[in-house]
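Mind having a look at this structure? Questions to follow.
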Amino acid sequence: MHDDTSPTNPTEGPRVLSALVDEVRRASAAVAAAEADRTRALAQAGHLALDVMAGQCASSRAAELALREVASDIAAAENLSDRTVQIQITRAMTLVDDYPDTLTAWQAGSLTRAHVNAILDIGRPLPVEVRHDFDALAAATAAEGLSPGRLRSRLAVLAERLHPTTLTERHHRGRDTRGVRIVTSDDGMSDLIATLPTVLAVGIYDRLTHQARALIDHRTTTDPTPVEATDERTTAQLRADILTDLLLTASPTADPTRTDDGPGTLGTIRARVQIVVPALTLLDPTRENDDPAELIGHGPLDAPTARALTETTTLPWDRVITHPITGAVLHTDTYHRTTAIDRHLRARDRHCRWPGCTTPAIRCEIDHTHDFALGGPTHVHNLAHLCQRHHTQKQFTRWSVEQLPGGILRWTSPTGRTYTDEPLPYSPAVRFLPPEPPPPDPDDDDTPPPF
């Protein structure tokens, strides 16, 4: 997302809003600079504690106590918990030591705390020796004007290329942590937490969401009875109720569409997930770190899971033809009216095209950039995915949008500012490597004899 222009000739209302936007941005830059300064100071305090203990050949326990001592001093001065401050010190030391480019960009106001947290979270599993490389890539990627959500998705792929082990190896280790646990809360409530492979967790959540929406649609399109009239459950509450029914009775008993003793419409709803599987990764699993499969909206997917999905799904796959250098989507392998157009748009957009939104395309609506009723064609050059929230905002607010070549959307706010949203390119199929060093010269005196 890029802020390309300043407002030009705005009316009085937008002029006031434009001034407020400028004020918010100035304040945000000042906050970012202050937070970066505080981070540097916390890191210095942490290093001071460790330096003092280093001269005493201290154990790790003593070093931890030294950090706790420093944290307690700062916490008392700021009326904070010493545990909280100690965590902040540790995080600050990691940022200063391993992510200098990110810290510099934060100091300059180019990044927010949310961006910095995304970089630290994605970089945490990486070995220390490659974090500086990741830091440089992360700072450069963040400078493109991505929202924190989109930055996470982009950095997850970059981190895979730097990791010394494959995603498949780490996924196998991660699967050992799967489980279900309960955390007791207040007012007779508890959190039931399931740790699962991401693709399964996303699928479960997606199915519950569609079932909840089916119930909401049912109660709003049928004649209200006294029971239905009192059903004002939210989507979140319906997800919880349906999950409980499914786990305790193996069928959604809350389904009002049932006509016999079996499941009704809700029982026929299946989960949908959107994944991208590079062909070369599918054929050669050893290359999965170079170009990993991706669960759209959530990050990289290990190769065996991606391969299992491709082999077992009954739905057709969309083959996406991309430019070998830029990775831009060129076309899909078929072209049959709306179905083909939808395939192309899902491949090109991947998520909602409102600047910064990460809602997957499979849960979005396809919108005519130039209204169909006003002569806009039903063509990929005039269509894009928008989630329901942003589709409504496009229709009923003063925001406007035009589509440029290559699927680029240029949004104009009520103040006259413009923001461009570009389709995320796929990894290029061709990579340029540095030339190999020339073979040794046999006439060189320094060359050892062959025998």
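The values are calculated or read from the model by the stated rules, or taken from the named source; none is laboratory data. It should be emphasised that the depicted structure is a prediction, and the values quoted were computed from it without experimental measurement. With ideal geometry, Cβ positions are generated from the backbone for all residues, glycine too; neighbour counts draw on all protein chains shown.
Within segment 161-171, identify whether any single residue is surrounded by fewer than 16 Cβ atoms within 10 Å (Cβ to Cβ) and either among the aliphatic types (A, V, I, L, M) or more than 19 Å from T305 (Cα to Cα) (or both), and answer yes or no.
yes
Of everything in segment 170-186, what is of a type outside the set (S, T, N, Q) and under 28 Å from A159 (Cβ atoms)? Give them in sequence order. Before the answer, list the steps.
Applying the first criterion (of a type outside the set (S, T, N, Q)) to segment 170-186 yields 170-176, 178-183, 186.
Of everything in segment 170-186, those that are of a type outside the set (S, T, N, Q) and under 28 Å from A159 (Cβ atoms) turn out to be R170, H171, H172, R173, G174, R175, D176, R178, G179, R181.
Tell me the residue from A271, A236 that is within 22 Å of the chain's Cα centre (by Cα) and at pLDDT below 70, please.
A271
Out of segment 121-138, which residues are farther than 23 Å from C357 by Cβ and assigned to a helix (DSSP H, G or I)?
Matches in segment 121-138: G123, V128, E129, V130, R131, H132, D133, F134, D135, A136, L137.
Here is a check on your reading of the model: is Q393 free of Cβ contacts under 8 Å to residues at least 40 places away in the same chain, surrounded by 13 or more Cβ atoms within 10 Å (Cβ to Cβ) and of a type in the set (S, T, N, Q)? Let's see the steps before the verdict.
Numbers: free of Cβ contacts under 8 Å to residues at least 40 places away in the same chain: yes; surrounded by 13 or more Cβ atoms within 10 Å (Cβ to Cβ): yes; of a type in the set (S, T, N, Q): yes.
Against the criterion (free of Cβ contacts under 8 Å to residues at least 40 places away in the same chain, surrounded by 13 or more Cβ atoms within 10 Å (Cβ to Cβ) and of a type in the set (S, T, N, Q)), Q393 qualifies.
Considering segment 353-390 alone, what residues qualify as being crowded, with 19+ Cβ neighbours inside 10 Å and part of a strand (DSSP E or B)?
Once the filter is applied, which keeps residues that are crowded, with 19+ Cβ neighbours inside 10 Å and part of a strand (DSSP E or B), segment 353-390 yields P360, D367, L383, A384, H385, L386.
In segment 83-96, is there at least one residue being over 30 Å from L167 (Cα atoms), surrounded by fewer than 17 Cβ atoms within 10 Å (Cβ to Cβ) and without any contact (Cβ under 8 Å) to a residue 24 or more places away in the chain?
So far as segment 83-96 goes, yes, one or more of its residues are over 30 Å from L167 (Cα atoms), surrounded by fewer than 17 Cβ atoms within 10 Å (Cβ to Cβ) and without any contact (Cβ under 8 Å) to a residue 24 or more places away in the chain.
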